[in-house]
1. What shape does segment 308-353 take by its C-alpha gyration tensor, where a ≥ b ≥ c are the square roots of the eigenvalues and a/c under 1.5 counts as rounded, a/b above b/c as prolate, and the rest as oblate?
2. Determine, at each q value in 0.08, 0.12 (inverse angstroms), the log₁₀ of I(q)/I(0) that the Debye formula gives when each Cα of segment 107-561 is one equal point scatterer.
3. Which of rounded, prolate, oblate describes segment 418-496, given a ≥ b ≥ c as roots of the alpha-carbon gyration tensor eigenvalues and a/c under 1.5 marking rounded, otherwise prolate only if a/b is larger than b/c?
4. Expressed as a fraction of 2.2 N^0.38 Å, the rule-of-thumb size for a compact globular protein of N residues, what is the C-alpha radius of gyration of segment 204-274?
5. Can you sort Trp92, Trp506 so the residue with the fewest Cβ neighbours within 10 Å comes first?
6. Sorted from fewest to most neighbouring beta carbons within 10 Å, what does the list Arg146, Arg411, Arg357 look like?
7. Over segment 107-561, what is the relative contact order in whole percent, taking alpha-carbon pairs under 8 Å and six or more residues apart?
8. May I ask which of Lys221/Lys548; Lys395/Lys458; Lys91/Lys395; Lys395/Lys548 have a Cα-Cα span longer than 30 Å here?
Amino acid sequence: MRRHRILAGLFLATVSVVAINQAHAADDSVTVEEVKELKARLRQLEQRLDAQAKEQKKINAYQVAPGVGPGPISKGGVPVAYEPPPPWDKKWHLNGITITPGGFLAMEGVWRSRDQGADIGDQPFGSIPFANSQLAHTNELRFSARQSRVSALVEGPVNSSTLISGYGELDFLGAANSANSNESNSYNPRIRNLYLTVDWNDIGLHLLGGQSWSLATLQGKGISPRNEVIPATIDAQYVAGFTWARQPGIRLTKEFGNDFWVAASAEMSQTPNCPGGLVVPPPSTGIVPPTAFATNGVGLAITCDQVSAGGGLLNQYTTYSLNHVPDIIAKAAWEPTIADRKMHFEAFGMYTDVYDRVSNAVGPFAAATVGSFNSNRDTTGWGAGGGFIIPVVPKFIDIQGSALVGRGIERYGSSQLTEVVANPDGSLDALPEAMFLAGATLHATPQLDIYAYGGGEKILSPQIFANSTAPGYGNPALANNSGCYIEFGTCSGVTKDAWELTAGLWDKVYEGSFGSLRVGLQYAYIQRELYPGFLTTAPLLPNLGTPKTNENTVSASLRYYPFDAPPPAPPLIAKY
């Protein structure tokens, strides 16, 4: 109001001056130029008043009224609605390069019915303790901020059709002595993703090199980085049956139009739980003379991993398998539109190689004295799998599914079951295995998502070698399961399968210019089952042939995302 009164007064003064000047033009000799000068000064005053009014508005918006506390109020001291600042660009722009920060700060907790000695990520589900362990009789509670995450995407557009990018994502879930290359390449600081990409969008060709989600992981849009469909769980080990790995590799992807993609990758191989040691083949194999077998205990020494001695920048507290061929994965993805719904289907194949050294031995790893059987052995593993995502009700209900079956592929499952065993001839046998995962997500409101998953992993058949002391896998004659349900009892069976049902929610309690604040809650039921074993108390306990154990977990999370999520790979806009 004050501003308006000032302007009105100036306007009247100007009009009066003009009128007087016109009435006495002959006497005062007032020119037109003088009138123009007065109008120019009036405009300058108006601009100054506008600037002062904007500054005063900022001051008023953050005044503190007595008894009201900090907050925006009007000039008269009466609280008014908060006006957020205008949106700002949460990116850095440096000489043509764009840097997009990301990540979140987390405070999380988990309660387990059986103690696993684990942080916010469960132990691999194939290692849940049985009642013979003291830990199986105790609960476990953990608070943790270690799943907090930092990330950054760096993009450099070379020209209108070529983009070079780099993406890095770290969390704090690594522990130095447990760092390994089994599934997530968990070194310190714990690298989740660290890769570069080159996108030639005019020809629909995309190159990725570095550590990333494996090509075997379910995708959500074509075959492109940062579009992987990861279970929404708080549990950092995700869900039993989920097919995944994060490991170094190189990948090439080709688009065909807007709905079909093919890709191939070479990724770092690894063979966890390698069964090195000594096996004694049966005399009928002819590998060693029967007399030597009978009298000297001639066996075969198997070496399929090595312990780092601290050199070579590897972890000296874990083992690394012998590998000389990468895992090769090829995938195709198709995204048709059916009934106004954009669906995603994909299928892939996998080739793996397991590798060991076999040597003659007399007794436990003595020098070779019988015949000549020293050689390297290669065993082929393979896998075939696929997945889908279907928006049953667009933007309201999505369903998904994935599966993988093959030999020697269990490293790609969250349960981390055994992958290979030793044959009587010393070579490695890739176990037949399968895994699957099904899930649904309900977008109840723009702020609330509710999810549920069910999945499992199973070794499809035991490996039993007749007339041999090669242990095989799941041989009931070699597993004493009589004490699986007795504290300090004997329970030497091996895992047959692991299953999980889990459900949870994520609620965005705040989302705006200052990021988003999310609250999560999750419940999971996990079951582990062993292969049958012999029972020393079979007449009294006839049903203990296939022992089972389970785990109940409740997890909660509070996460603050100060930045937007990193954008996915560039739009797939190939031209033909």
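Each reported figure results from applying straightforward, stated rules to the coordinates on display, with no laboratory input. The shown structure was predicted, so the numbers you read here are calculated from the model rather than taken from an experiment. We place every Cβ from the backbone using ideal geometry, glycine too, and count neighbours over all the protein chains shown.
1. Judged from the Cα gyration tensor, segment 308-353 comes out prolate (a/c at least 1.5, a/b above b/c).
2. These q points yield log10 I(q)/I(0) values of -0.53, -1.14.
3. It comes out oblate by the Cα gyration axes.
4. Output field value: 1.21.
5. Sorted ascending by nearby Cβ count, the order is Trp92, Trp506.
6. Fewest-to-most ranking of Arg146, Arg411, Arg357: Arg357, Arg146, Arg411.
7. 15 percent
8. The answer is Lys221/Lys548; Lys395/Lys458; Lys395/Lys548.
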